[in-house]
Each structure stands twice: as C-alpha cells, then as structure tokens.
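S.K.: Below you'll find the structure I mean.
Just so you know, all these numbers are worked out from the coordinates, no wet-lab data involved. What you see is a predicted model, and the numbers here were worked out from it, not measured in a lab. Neighbour counts run over all protein chains shown; Cβ positions are idealised from the backbone, glycine included.
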Amino acid sequence: RVLVVGLGYGLAAGFVNAILLLIFSNNAFGMLLTTIVSVAASLFGAVASLRATIYQSIGAGYQVNRIWEMIRKEPTGLAKVCLVMLLMGFIVGIAISILFTLALIPMITSMAFGLQGISGSSFRYLSSYEQRYIVGEIFKGLGAAAPFLIVVTFVATFAMVIVTLIGHTALALWMRQFNVPSW
C-alpha cells in the first residue's frame, strides 16, 4: 500500500517538476519551485501512505480531500514535523559529507603523490602511456579509499534510516490527534 501510494504521489510530483523546469528553463526560480513541490509532495505522500496503512486500503491514500482536511485542521503541527525532518536531514547530510571527505583523503593523497611527475594542460595532449598511468593512479586511489567508503556508506545509510524512522514517528504522533476511525 505504501509503495503504491508513494509511487503515485512521486510520479505526480515528478510530472509537475518536469513541467516547471520546462517553463522556467532551469533557472533559480524554477529550482526553488521544484524544491517546494518536492517537499510538499513528500509530506503529502507520507501522510497519504500512513493513512493507507491505517485504513488498510490504497484508496484511503488517494482521498486527497480527506488528507487536505487533516492538513488544514492542524498545519502548524505538520509544519513542525516537516521542519524537524529537514533539520535532521541537513545535520546528517553535513556529517555524512564530512565523513565522505575524510574517506577520500587516502585517494587524493595517493593520486597527488602518483601524479607528481606529469604535467599537462589537457588529458588528450598526454601520451597514451601517461593517460594509462593516470587512469591507473585513479584506480589505485579508489582502491585505497574503498574500505573507508564502504564503512562511510554503511554509516550514512544507517543514519538516514534513523532520520526516516524518527520523521515517520513524528508524523504518526501528529496524526494521532485526529480521531482516525472517524476520518
């Protein structure tokens, strides 16, 4: 149920975003609009998915009028849930970015020491030997960073799952205020 409802709202948001990007030609205003549409669709889709789960019916997730009534009745609580999810996502994203940067340090240092003797303004002007050497150094650097990247990817995935679980719990607590059987 959650998959079907989430896919429906995700496809609708993707369609609206594609039209907005066509209209506004990928400028800053168009990107802002697509971000707003994406956040609203995610929040609306999460409420719809939870509603479909509670009522054990896909149709309950697509009763837009009922979902809109719930949002209109208590928008500040839902805005707080959205803010908490965005803030947690931002904090975890910054932490993960720092970890990925630290994990890439072995690759960068390996490549820097390995490429000291090569100079050139463009990759295509280098000899085939130098090009193969550079590609080899890149793969050697990736090999040096691979264990760290695997661990950081696992930590990042775990952290995002925690953020998602906390967000859905907050959403469920927001929804609890409504008399669910009567809605």
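S.K.: Report, by residue number, each residue of the range 1-25 that is surrounded by 11 or more Cβ atoms within 10 Å (Cβ to Cβ) and either hydroxyl-bearing (S, T, Y) or not in a helix (DSSP H, G or I) (or both).
M.R.: The answer is R1, Y9.
S.K.: Within the range 54-104, take every residue that is in contact (Cβ under 8 Å) with a residue 60 or more places away in the chain and under 18 Å from V2 (Cα atoms) and give me the one that is surrounded by the most Cβ atoms within 10 Å (Cβ to Cβ).
M.R.: Looking at the filtered set, the residue picked out is G61.
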